[in-house]
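The values are calculated or read from the model by the stated rules, or taken from the named source; none is laboratory data. Since we're looking at a predicted model, the values are computed, not measured. Using ideal geometry, Cβ is built from the backbone for each residue, glycine included, and neighbour counts are taken over all protein chains shown. For the accessible areas, the whole protein counts, side chains as well, though only heavy atoms, and no ligand, DNA or RNA atoms are used. Shrake-Rupley method; radii C 1.70, N 1.55, O 1.52, S 1.80 Å.
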Amino acid sequence: VGNRMGIWQDEHNAKYNQAVKIDNDSTQFAYAFKTDAGHTLSYGTAEAIGSVTDNNIPGQYMSIHRVLEVYTMHTRLVCTGSGKTRSCHTQVYWTWDYKGADDWAVEKIKFLKKEFYYSAFPKLPEGNYIKTVNFAQNRRHVYYGRNLTYTGTLYANVENHRINDGEFRNNVTIDQAIDAFSWKHAVLYFWLIFSAVILIVCCVFVAMDNAWLND
C-alpha cells in the first residue's frame, strides 16, 4: 500500500512538474488553448472586463457579495451555584444573524489577453470587506468585493479549447505554485496514520481482553 501511495504522489506531482510553463506570454497562452496543451501553469494578471458596484458603497469591483444580517433576540438558561444554592434564570441576548446573501459580478474577465466567462474561470481570492450599511432598525447589509485585477499563477488542464480543471493562486510565481500544489510527504503521512490506527486497534483489543478476563 505504501508503494501505491508513492505512485499516487508521483502521478499527482507529475501534472505540475511536467506542465507547460507560460510566464506572462499571451501568445504562448493562446497557442496552448489552440492546441489543447493539457496541463499548463501560467503566470499573469486576471483582469475584469468592466466592473460592478452598488449605490451604497464606494468603488468599482470585479464581483460583490452582499450579506443580509438581522439583529435577533435569543434566550438561554443560565445557572449558578450547586445543590441547594443552585439558581437559574433566563438570559436575553442579541446577535446579528445571517439571513441570506446576493452576488453579482462582471460577465467576463481577461487573463493573458484571452477572455473567459467569469463563472467559468477558476475561483479567484475571496472578496475583501468593504462596508456595513444599516438600512432598518434591526437589518443591515455587509458588503465584500473582489478587486478588478489579480496577479498570480493559473493552473489549467486545457482540453477542447477550454479549462476543464483549474486553480488560481494569487501573488504566487510558477515555481511557488508547483511547490504549493505538490504532495511532498504522502507516504510518510500514510504510514503515520496507519501506525496510529494499528496502535488504537491494539489498545482497544487489549482493553476488551482484560475486561473479559476480569469478568
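Numbers below:
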item	result
Residue list for the range 24-67, restricted to those being touching a Gly at 6+ places or on another chain (Cβ under 6 Å) and open to solvent by 40 Å² or more (accessible area, probe 1.4 Å)	Asn24, His65
Test for Tyr129: is it closer than 17 Å to Ile64 by Cα, at pLDDT 95 or above, out of contact with any Asp or Glu (no Cβ under 9 Å at 6 or more places or on another chain) and among the hydroxyl-bearing types (Ser, Thr, Tyr)	yes
Pair list, Cβ < 6 Å and 6+ apart or interchain, from the range 97-117 residues that are open to solvent by less than 20 Å² (accessible area, probe 1.4 Å) to residues that are in a loop (DSSP other than H, G, I, E, B) and of a type outside the set (S, T, N, Q)	Val106/Gly50; Val106/Met62; Ile109/Phe121
Filter result for the condition that a residue is without any contact (Cβ under 8 Å) to a residue 24 or more places away in the chain and in contact with a Leu (Cβ under 8 Å, 6 or more places away or on another chain), over Gln91, Gln176	Gln91
Count - residues of the range 52-94 that are of a type in the set (Gly, Ala, Ser) and under 26 Å from Asp165 (Cα atoms)	1
Residue match in the range 179-199 (condition: surrounded by 14 or more Cβ atoms within 10 Å (Cβ to Cβ), in contact with a His (Cβ under 7 Å, 6 or more places away or on another chain) and at pLDDT below 90)	yes
